[in-house]
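Please read the structure below before turning to the comments.
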Amino acid sequence: MSSFRGRTIQVVNDFSIDEQLYLYEQTRRLKRAMRANSSEVQSFRVQDPELGVYLIFLEDSTRTRESFRNAAKFHRAKVNEFGLAGSSFAKSESITDTVKMLAGYSRDSVFVMRTPQEGTCRWLEDTVGGYCESHGMRRPAFINAGDGRHEHPTQEFLDEYSFLERLNWDRSHIHLALVGDLLHGRTVHSKVNGLRLFHEVEIDLVAPRDISMPAHYTRQMEYHGYKLRWFESIEEYLGQHHVAPLWYFTRLQLERMGEKLRDRAAALRAAVTFRREFLPRVSQQTRFFHPLPRHRETPVIPPFLDGLAVNAWDEQAVNGYYTRIIEIALLAGCLGDDFTGTVQTPPEFSDDFVEETGPGTRAKGEYKVGIKPVSNGIVIDHIATGQQPEAIWNQVNKIRKTLGLNCVSSHGVFASEQTGRYKGIISLPGITQFDERLIKMLGAIAPGCTLNLITEQQVRRKYRLRMPPRVYNLEEICCRNPDCISHPQHAEPVIAEFYRSSEEDFVCRYCETPHTFHEIWAQSG
Ligand code: CP
């Protein structure tokens, strides 16, 4: 069976580079066949009336929705569409309930979702996918057609396809200017990973500081080895000589801006609008791309450019039809049997954050200081070592509350015998073991602490808990991005979940917003 069947495309990285290249190669074949009116086109059709393609657009769209609708019709699939108006969303039904119900209406389903909530498809993949499996139904596939300011992976696939066409399929190097609203534009955020298929990447970021690319994206670009340069306007960019042959514009996303930024929109837009006087300063080979739409009164690529060779955005928009035919064919399992490259798989998490450090030989004096000495029981030691007493008390209280430690016990903040640094201790006489769930929770709340199992006043086993690779299933954690599908304000039944991205940093599983360890806990104070 094809490894693409039933997959979800929430972000660009849900397809490996090999899989993205396969998509582009199939698109190239299809486009050639369609333009030549060749019978080879038939081999791309799913031709399955039991395939349901659901277009659920909770934000407006022309190109994405219509190209997917036409792609679904190409496959002779059932096409179902609805948005906010005229559906039970108007009666405050959750996205989760809605999609779960729709998944039962077709043998195979592909959901194409555009939502202001970020990370929606990842959540639906987990919950509706699990529901279908447990009820003997096939897992639906989910396609993110743009989620808030997060990602727009299928736009990225058509953009990369368009760049490859322009570069004659040479992947050795790309030099691209990203121009416009780089703060809110999800299509430019998807470029962070979409451009990885090129061996050398030079990116010029052309945007006023107020709408510049967020630092966590530029850090990722640098991590991928991209060469970055920053400019505040097109004027400034054209004042130097190393100008990119490919430009990618994005409109100002007024609908995502706060009032303060919106008040400054005219000045921000002026900085990233291409003016007629700039034309002599770009080479004949330059091509402009734009995901569109452009504002009819204040476009950043004005209509005087439409008939010039620089216009690559019209062909780019058409490419959305071809790439999306292939995407549906792949997720429906009609294509991909001959794919032999690397399959992207979900991340796996090891539990090696619990390290057994060996038994002690005698009871530690400090377990007898100020709190009830422990003959038999558990002592949690080294809580928030080195922090100020107030922070340590907060940590101690958080452990007690989150782990539900309401038993006979004692706790305190002390200076370490060896180092003099402050640390927290909780002693739990009479408790003989912590189950795995409690250990994971403890590691997530108080990384660096130790768990000491004591019998007859001897530390028999001792574990040091490091920061775990994943923090989840805890009521007190919450994504700080109010647009995240897991944020309580959306009232979807999502359980917050974070992955560790570096020693101290985490990202939300759904919207990928970076968090420090402390920010994960921000809601619980
Ligand atoms: N590029 C793009 O997403 O356009 P629509 O908003 O019209 O779908």
Semi-axes in Å, largest first, for region 153-310 (Cα gyration tensor, √(5λ)) are 22, 19, 15
Square roots of five times the C-alpha gyration tensor eigenvalues of the chain, ordered largest first and given in whole Å, equal 49, 29, 21
Cα-only Rg/Rh for region 470-516 with Kirkwood Rh rounds to 0.94
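When the solvent-accessible surface of protein heavy atoms is calculated with a 1.4 angstrom probe, in what order do Met34, Met221 fall, highest first? Please report the intermediate quantities before stating the final value.
On the way: Met34 45, Met221 0 Å².
Ranked list, largest accessible area first: Met34, Met221.
Set the Förster radius R0 to 41 Å, insert the Cβ-Cβ distance between Arg296 and Asp170 as r into 1/(1 + (r/R0)^6), and round the FRET efficiency to 0.05.
For R0 = 41 Å, the calculated efficiency reads 0.70.
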Scoring the chain by relative contact order with C-alpha pairs under 8 Å, at least six apart, yields a percentage of 15 percent
Once the dipole of the chain is set up from charges on Cβ (+1 Lys and Arg, -1 Asp and Glu), the residue from the list Gly336, Leu158, Gly130 lying farthest towards its positive end is Gly130
Taking max minus min of the Cα coordinates of region 6-114 on each principal axis, largest first, gives extents in Å of 48, 29, 27
Total charge of the residues flanking Gln117 in space, meaning their Cβ is under 9 Å from its Cβ, with Lys and Arg +1 and Asp and Glu -1, is -4
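Order the peptides 143-150, 343-350, 402-409 from the highest to the lowest mean number of other Cβ atoms within 10 Å of their residues.
On the way: 143-150: 25.4, 343-350: 10.0, 402-409: 14.1.
The peptides rank, most packed first, as 143-150, 402-409, 343-350.
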Helix 313-331 sits off the longest principal axis of the Cα atoms of the chain, rounded to the nearest 10 on a 0 to 90 degree scale, by 60 degrees
Log entry: pair-distance distribution for region 183-258, C-alpha pairs binned every 5 Å from zero, whole % per bin is 3, 13, 27, 26, 19, 9, 2, 0
Relative contact order of region 470-516 (C-alpha contacts under 8 Å, at least 6 apart) in percent is 33 percent
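Sorted by packing (mean other beta-carbon atoms within 10 Å per residue), highest first, where do 481-491, 247-257 land? Provide the component values of the computation, followed by the final result.
Numbers: 481-491: 18.9, 247-257: 20.5.
Descending mean neighbour count gives 247-257, 481-491.
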In degrees rounded to 10, the 0-90 angle between helix 17-35 Cα long axis and the longest Cα principal axis of the chain is 20 degrees
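Do you know the relative contact order of region 153-310, to the nearest whole percent, from alpha carbon pairs under 8 angstrom that are 6+ apart? Working shown, then result.
Details: 235 pairs, mean separation 38.9, N = 158.
Relative contact order comes out at 25 percent.
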Result for the chain: accessible area per residue, probe 1.4 angstrom, in square angstrom, of 44 Å²
Counting Lys and Arg as +1 and Asp and Glu as -1 over every other residue whose Cβ sits under 9 Å from the Cβ of Arg464, the net charge comes to 0
Checked against the positive end of the charge dipole of region 1-102 (+1 on Cβ of Lys and Arg, -1 on Cβ of Asp and Glu, about the Cα centre), the farthest of Gln20, Met34, Pro49 is Met34
Here the averaged projected area of region 439-520, based on the convex hull of its alpha-carbon atoms and given in nm², is 5.9 nm²
Taking protein heavy atoms only, a 1.4 Å probe, and rounding to whole percent, the accessible area of region 354-465 owed to carbon and sulfur comes out at 48 percent
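Over region 354-465, consider all pairs of different Cα atoms and compute the Kirkwood hydrodynamic radius from their mean reciprocal separation; express it in Å, one decimal.
Values: mean 1/r = 0.0729 Å⁻¹.
After inverting the pairwise mean of 1/r, the radius is 13.7 Å.
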Region 104-209: spread of alpha-carbon positions along the three principal axes, whole Å, largest first, is 49, 33, 17
Projecting the Cα atoms of Ile301, Gln240, Gln284 onto the charge dipole of region 153-310, where Lys and Arg contribute +1 and Asp and Glu -1 at Cβ, the residue farthest towards the positive end is Ile301
Computed over the chain: longest principal axis from alpha-carbon atoms vs helix 153-166 long axis, angle to nearest 10 degrees, is 50 degrees
Under the 7 Å Cα-to-Cβ spin-label approximation, Phe89 and Gln457 lie apart by a distance in nanometres of 6.8 nm
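Could you work out what % of the accessible surface of region 19-159 is carbon and sulfur, using a 1.4 angstrom probe and leaving DNA, RNA and ligands out of the count? Walk me through the intermediate numbers first.
Working: 2500 of 5490 Å².
Its accessible area is 46 percent carbon and sulfur atoms.
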Rounded to the nearest 0.05, FRET efficiency between Glu259 and Val318 (Cβ-Cβ, R0 45 Å) equals 0.75
With Gln47 itself left out, Lys, Arg at +1 and Asp, Glu at -1 over residues whose Cβ is under 13 Å from its Cβ give +1
For region 68-143, one quarter of the surface area of the C-alpha convex hull, expressed in nm², comes to 5.2 nm²
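The values are calculated or read from the model by the stated rules, or taken from the named source; none is laboratory data. Every value quoted in this text rests on a predicted model; they were computed, and no experiment measured them. Methodologically, a virtual Cβ is constructed for each residue, glycine included, from the backbone with ideal geometry; neighbour enumeration extends over all protein chains shown. What goes into the accessible areas is simple: the full protein's heavy atoms, side chains included, and nothing from ligands, DNA or RNA. Shrake-Rupley method; radii C 1.70, N 1.55, O 1.52, S 1.80 Å.
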